[in-house]
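Participant: Can you read through this structure? Questions will come right after.
The values are calculated or read from the model by the stated rules, or taken from the named source; none is laboratory data. Please read all numbers here as calculations on a predicted model, not as lab measurements. Here the Cβ positions follow ideal geometry from the backbone for every residue, glycine too, while neighbour counts run over all protein chains shown. Keep in mind that these areas ignore ligands, DNA and RNA; they rest on the heavy atoms of the full protein, side chains included. Shrake-Rupley method; radii C 1.70, N 1.55, O 1.52, S 1.80 Å.
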Amino acid sequence: MTGHRRHLAELVEKRTIELTDTNAILRQEIAERKRAEETLKESEKRTEKLASRLISAQEIERKRIAMELHDELGQALNAIKLNLRVIENGLGNDQPVIREECEKLLVYMDHVIEDVRRLSLALSPTILEDLGSPRN
């Protein structure tokens, strides 16, 4: 009986050592996973910040392009339109074909100016609110 108890005590001690070793390994794995989770969280935060900065930079660039379309190209097209109107007004009554072509060009210029306004609005919807709508 004493031998049996000794044998059981040895088995319990051996099993306790195994469980202690396994427990230590599990604690180490838990610590490693916690570190990995923290690293992942930090990485996600950095990714979110970078994505936010990228979106912000894209929006700034879109606004810049929209402003250039609205201001520079819009003004240039309106200047061309005014010059066409001056040319048309300077034509004599004996030049109906040229007058008709000027009218066609003026109508076309109105469409192009509207397209520029539409593109500018599509790039940055608030840009036209800030600047006001283009005048023909």
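Participant: Tell me which residues, restricted to the range 69-84, are open to solvent by 40 Å² or more (accessible area, probe 1.4 Å), within 19 Å of Arg118 (Cβ to Cβ) and not aliphatic (A, V, I, L, M).
Facilitator: Of everything in the range 69-84, those that are open to solvent by 40 Å² or more (accessible area, probe 1.4 Å), within 19 Å of Arg118 (Cβ to Cβ) and not aliphatic (A, V, I, L, M) turn out to be Asp71, Glu72, Gln75.
Participant: If you check Ala66, Ala36, which single one turns out to be open to solvent by less than 70 Å² (accessible area, probe 1.4 Å), under 30 Å from Ser124 (Cα atoms) and in a helix (DSSP H, G or I)? So that I can check it myself, show each step before the final result.
Facilitator: Details: Ala36 fails: under 30 Å from Ser124 (Cα atoms).
Within the list Ala66, Ala36, the selection yields Ala66.
Participant: Kindly provide the set of residues from the range 89-113 that are under 26 Å from Leu73 (Cα atoms) and either acidic (Asp, Glu) or in a loop (DSSP other than H, G, I, E, B) (or both), ordered by number.
Facilitator: Listed by number, the residues that qualify are Glu100, Glu101, Glu103, Asp110.
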